[in-house]
Every structure is written in structure tokens, then in C-alpha cells.
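The values are calculated or read from the model by the stated rules, or taken from the named source; none is laboratory data. These numbers were taken from a predicted model, which means no experiment stands behind them. Every residue, glycine among them, receives a Cβ derived from its backbone with ideal geometry; neighbour counts consider all protein chains shown. Keep in mind that these areas ignore ligands, DNA and RNA; they rest on the heavy atoms of the full protein, side chains included. Shrake-Rupley method; radii C 1.70, N 1.55, O 1.52, S 1.80 Å.
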Amino acid sequence: MAEDSPELLRAAANKKLGQHFLFDPDILKRAALASGPVEGRDVLEVGPGPGGLTRALLDNGARKLVCVEMDDRFADALQTWPEATQGRLSVERGDAMQISLASLMERYDLTAPIKIIANLPYNVGTPLFINWVLQSEQIGEMALMFQKEVAQRICAKPGSKHYGRLAVIAQAVTRPRMAFTLPPGAFKPPPKVASAVVVTERLPTSEAYPHLEALQTVTAAAFGQRRKMLRASLKPIMSETVSAEELLNSAGIDPTRRAETLSQAEFRKLTSEWLKVQPSSSKA
Ligand code: SAM
């Protein structure tokens with residue numbers, strides 16, 4: 001990181017790219033190992049920046065590390081690292097939102113289940129996370145730094161003010177937990193809000209919910225009008241033949257309840273019942 005490329009310490013942080021850097025070796029080691037050992041594992045890091053976390057991942061024994069970085073100043077510097085020359089570190093230039101996980105895994109010959117470990121740019125953290133959740137068969141664990149509020153939304157339980165679509169979708173295939181939080185002053189330059197590292201572990205196949213596309217449709221309707229009773233909020237996704245009330249009754253859920261009170265198990269049941277009443281071509 002800084003030692004490898006001191007000029008980068010002076011490089012102006014690009015706000016549009018969510019650049020808030022970490023330089024404290026203890027924090028970086030904590031983030032690198034938050035999801036357990038990286039020794040012998042293949043790892044994807046999005047947004048290595050000046051490379052503090054990258055260095056911690058390499059020093060702690062990651063087998064192969066692929067970094068996706070949009071800022072050429074950092075990509076150029078990382079490419080000069082000895083590990084890059086030796087082939088243990090690969091740098092992919094570009095927008096992580098546009099690069100599929102499958103293509104990265106194939107091109108760099110990564111072995112599943114990989115780990116994804118990153119201090120994510122705030123502006124694209126949530127959509128990147130959702131994409132990874134939807135492809136979770138390839139991913140063993142993730143340790144991701146988000147704005148604290150996003151981290152709370154991922155880990156939230158029913159009834160809490162943070163509970164919503166993100167929690168239901170994340171918890172359908174992973175077990176998320178908040179590993180630690182950091183104040184703005186831990187970063188250079190400091191962001192406006194606190195941050196937190198979320199660690200997710202993939203659920204065993206027998207416990208993961210397979211119909212994620214349908215779950216996204218049902219949760220979008222249910223939480224789209226959060227304050228409404230489910231019998232009203234689900235109306236837009238119902239056909240003429242089955243009413244929202246009938247669907248809820250078949251799932252054993254009181255139609256006057258609101259989305260924020262439904263457990264993960266109830267959302268799964270509701271989604272599976274909803275799928276049963278869809279025309280076969282649209283079943284996910
Ligand atoms: N990992 C470094 C650290 O902890 O010090 C930097 C983290 S900084 C919060 C986010 C990094 O993501 C920046 O280096 C930024 O250039 C990069 N970045 C922002 N948007 C990106 C995108 N869409 N795809 C890939 N990298 C991106």
C-alpha cells in the first residue's frame with residue numbers, strides 16, 4: 001500500500017468513486033480476517049484503492065486475489081507489486097457493476113467457494129451486494145464494509161426499523177452478521193457517516209431459499225407500500241383469479257399484517273404460494 005506506492009498517499013481522493021481509504025494495519029487485518037482465515041482461499045476484492053486491504057489479504061495467505069478497480073492511478077500501481085508479476089494478484093480495470101462474477105472466476109481460474117472482501121464504494125455497495133447474493137452458490141463468505149445504516153439493513157430482524165427487502169433477500173441465502181463498526185475518522189478522507197463490516201456465510205443448500213427472483217417480486221410489492229396491510233400492498237402482483245387475501249390465507253398469514261412483521265420463513269412460504277398461482281411461464 002502506502003509503502004509500495006507513496007505517491008498514492010498524495011493522490012486526491014475522487015469523491016465520485018466513493019474513495020475513503022484505510023491505512024491502519026490493525027483495522028485492515030481485522031477486515032481481511034473478519035470472515036475467518038483467508039489462507040489458501042481465492043478472494044475477490046472490489047475497489048482496492050491504494051491497497052491497504054489488498055496487502056493484508058496477501059500477507060495473510062490468500063491463494064489468488066483478483067482486484068477490480070475503476071481508478072487507473074491505483075490499478076497502475078498495483079500492477080507493479082511483486083505478487084502481480086508472480087501471478088498471485090490480478091488487477092481487472094473497470095466498473096465492478098459491469099463485470100460478471102462468473103466471467104471473472106473463469107478468466108482468473110478462481111476456485112469456488114470464493115471469498116469477497118472489500119471496503120466498498122458507498123454509491124454502488126448495495127447493488128453489488130445484491131448481485132453477489134443472487135449468485136451466492138459461488139461465494140463462501142463475504143466481509144464487506146458498508147455505511148453502517150446499510151449494514152443494519154442487511155442484518156435486520158422483523159419488527160426493527162431497518163427490516164426490509166435487503167434483509168429478507170440477504171437472509172434467504174446467507175447468514176449475515178455485523179462484525180465491527182468504524183467511526184468516520186478511521187478513513188482518509190473521512191466520510192460523513194459511520195461504517196460497518198458485514199460478514200455473510202452462505203447457507204447450506206438445504207437451508208437456502210431457491211426462488212430468489214420470485215422473492216424479489218413479492219418483497220418489492222410487500223415493502224413498496226410498507227405502511228399498508230399485506231392484503232392491499234400485494235394487490236399489484238395478483239391475478240384476477242386469486243386475490244391477495246386468498247394468497248395470504250393459503251400461506252397461513254393474517255391478511256391485515258404488514259410486511260415488516262413477517263419472518264424470513266413467512267416470506268418464503270408466501271413466495272412459494274405466490275409461485276403456485278403464477279402462469280407456468282413466469283415461475284422463477
Ligand atoms: N480498499 C481501499 C481501502 O480500504 O483503503 C479503498 C476503498 S474506497 C472506499 C473504494 C474504492 O473503490 C476506490 O478505490 C474506488 O476507486 C473504487 N471504486 C469505486 N467505484 C468502483 C466501481 N464501480 N468498480 C470498481 N471500483 C470502484
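Quick notes on this one:
- Filtered by the rule that a residue be assigned to a loop (DSSP other than H, G, I, E, B) and open to solvent by 50 Å² or more (accessible area, probe 1.4 Å), region 221-242 gives Q225, R226, R227, K228, S239, E240, T241.
- Restricting the first member to region 43-56 and to residues that are not assigned by TED's automatic domain parsing to the domain that holds A102, and the second to residues that are open to solvent by less than 10 Å² (accessible area, probe 1.4 Å) and in a loop (DSSP other than H, G, I, E, B), no beta-carbon pair is closer than 6 Å while six or more apart or on different chains.
- Among the residues listed as V91, V124, V68, the single one being under 22 Å from Q171 (Cα atoms), buried (at least 16 other Cβ atoms within 10 Å of the Cβ) and either modelled with pLDDT under 95 or within 12 Å of the ligand (Cβ to nearest atom) (or both): V124
- Criterion applied to L104, L44 was being open to solvent by less than 50 Å² (accessible area, probe 1.4 Å) and assigned to a helix (DSSP H, G or I), and the one residue passing it is L104.
- Restricting attention to region 70-91, the residues that are over 19 Å from the mean Cα position of the chain (by Cα) and touching a residue at least 24 places away in the same chain (Cβ under 8 Å) total 12.
- Selection within region 94-111 - away from the ligand (no atom under 14 Å from the Cβ), of a type in the set (A, V, I, L, M) and in contact (Cβ under 8 Å) with a residue 40 or more places away in the chain: L110
- Residue match in region 24-40 (condition: part of a helix (DSSP H, G or I), of a type in the set (G, A, S), at pLDDT 95 or above and under 28 Å from R177 (Cβ atoms)): yes
- Being without any contact (Cβ under 8 Å) to a residue 24 or more places away in the chain and in contact with a Leu (Cβ under 7 Å, 6 or more places away or on another chain) is a description that does not apply to A232.
- Yes/no for V218 being buried (at least 19 other Cβ atoms within 10 Å of the Cβ), more than 18 Å from the chain's Cα centre (by Cα), modelled with pLDDT of 95 or more and among the hydrophobic types (A, V, I, L, M, F, W, C): yes
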